[in-house]
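**Student:** A single structure is presented below for examination.
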Amino acid sequence: MIVRRVVGVIVGLVGLVWLLQGIGVLGGSFMSGSSTWAAIGLVMVLAGAWLLVGQGNRSRR
């Protein structure tokens with residue numbers, strides 16, 4: 001369960017960086033100002049949150 005949380009945090013943080021680059025908040029990259037990277041970043045942020053919240057509360061069978 002700890003591995004899932006660590007992966008969720010990493011995926012969420014990487015997604016946040018990509019989202020911010022995609023919407024133009026963070027510059028200096030080929031991803032800056034690209035809506036494609038903004039969308040990919042948003043999906044990754046949501047996936048990281050799902051790993052932390054959705055999967056974290058499930059009990060083992």
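**Student:** Any residue in the stretch 28-49 that's without any contact (Cβ under 8 Å) to a residue 60 or more places away in the chain: show its pairings with residues that are in a loop (DSSP other than H, G, I, E, B) and surrounded by 15 or more Cβ atoms within 10 Å (Cβ to Cβ) at Cβ separation under 6 Å, as long as the two are six or more apart or on different chains.
**Tutor:** Close Cβ pairs satisfying both conditions: TRP37/MET31; ALA38/ILE23.
**Student:** While we're looking at this one, here's another question. Give the number of residues within the stretch 3-57 that are in a helix (DSSP H, G or I), loosely packed, with under 15 Cβ neighbours inside 10 Å and either at pLDDT below 90 or of a type in the set (S, T, N, Q) (or both).
**Tutor:** Here the count works out to 3.
The values are calculated or read from the model by the stated rules, or taken from the named source; none is laboratory data. Predicted model only: the values in this text are computed from it and were never measured. Please note: Cβ atoms are built from the backbone with ideal geometry, for glycine as well, and neighbour counts cover all protein chains shown.
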